[in-house]
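Following: one structure in structure tokens, then a few remarks.
The values are calculated or read from the model by the stated rules, or taken from the named source; none is laboratory data. Everything quoted here is computed from the prediction, not taken from an experiment. No Cβ is skipped: glycine too gets one built from the backbone with ideal geometry, and neighbour counts run over all protein chains shown. SASA here: full protein model, heavy atoms, side chains in, ligands and nucleic acids out. Shrake-Rupley method; radii C 1.70, N 1.55, O 1.52, S 1.80 Å.
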Amino acid sequence: MRPLPFAGRSGRPAIIAPLQPRSIDELAALLPGLEAAAEADALEWRLDALAALRLGGAVGGPERRAVEQGGPQSHTVEPHTAEAPASEPHEPRAGDEGASRSAALEAASAGLALLRERCELPVMLTVRTHSEGGMAQLGDAAYALLVEGLLALGPDAVDIEFRRADAARLLARAREAGVGGVASFHDFARTPPAERLVELCAAMEGAGADVAKFAVMPRSRSDVLAVLAALDRARTRVGVPVIGISMGELGRATRLIGGDFGSAATFAALAGASAPGQLSAAQVGAVLDILGGAESPAAPPSD
């Protein structure tokens, strides 16, 4: 297991805790809990929950609604080939994208300053768009401009959706800015074969990612095993940390034992899950401590 470049503890995967406040006031209200969040190693601020970017509907986007409705989204997301990133059409968000971007960046700047003042945990900024399970609907150009603005704020890391046309350029900009570039891919319809997932992670590395992340929806226990197999193979074939998740209740074991197969991090909630199958940070921390032996010192040899 390769540790995350911006967070982590020796000997166990990092626990990243997502936050989805709809405003700076809501973020401020979360701060007392964050100050006591001993289980978390890093925070992920899901900026797509902000009013400036959010589509209609409940927090959690299509990935949560898919599980609540009893099945995955109807669309199928094809993973990258190892040779080159691909893009898919994205409908631009109705209204003034420039005004929405400015409002989101203003909120991100204020919120990041607040987090740094009150919390010592590293912060990853994420704008999860609708096709990737989030609440923002942005075309490629608008998405790229927003991510560039976030990079200028100097967070510890920024999530970059790998299917975007400008993904490689944005990853390069992240590296120039000294910000961790986390390339991400989500498939809510199925789990690609393990070999395809390994090729995807290798393509992310080739495009300049500091971390390769994938989250896919299982339809069977064999799909969950495919995610673990991909993580295991990536240990020797991908030179950057890899985060792999099998989503939903069926795949939640990967959030607990993924580190044993090479996953550098897992996502766990401090208050309110942001994805199907997500457990609390306290639950995950307890299991990782047990698996890592933190509570089980070696017994003295017997005669």
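Give me the tail of P(r) for the stretch 208-255 as a percent: Cα-Cα pairs with distance above 18 Å. Please report the intermediate quantities before stating the final value.
Details: 311 of 1128 pairs.
Result for the distance tail: 28 percent.
What does DSSP give for the stretch 149-253 in terms of the percent of beta bridges that are antiparallel, rounded to the nearest 5?
Values: 0 of 16 bridges.
Expressed as a percentage, antiparallel bridges in the stretch 149-253 total about 0.
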| task | Quick one: grab the alpha carbon gyration tensor of the stretch 133-215, order the square roots of its eigenvalues as a ≥ b ≥ c, and give me rounded if a/c is under 1.5, else prolate or oblate depending on whether a/b is larger than b/c. | result | oblate
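For the stretch 92-161, with every protein chain kept in place, what is the accessible area per residue (1.4 Å probe, Å²)? Don't skip to the end; give the middle numbers.
Values: 2490 Å² over 70 residues.
About 36 Å² of surface per residue is accessible.
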| Simple spin-label estimate for Glu249 and Arg169 in nanometres, 7 Å along Cα-Cβ | 4.5
| Between Ser222 and Arg2, what is the label-to-label distance in nm when each label sits 7 Å out along the Cα-to-Cβ direction? | 3.1
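Multiply the residue separation of Asp25 and Glu176 by 0.36 nm, subtract the distance between their alpha-carbon atoms, and state the gained length in nm to one decimal. Show your work: numbers first, answer last.
On the way: separation 151, 0.36 × 151 = 54.36 nm, distance 3.22 nm.
Result: 51.1 nm gained on full extension.
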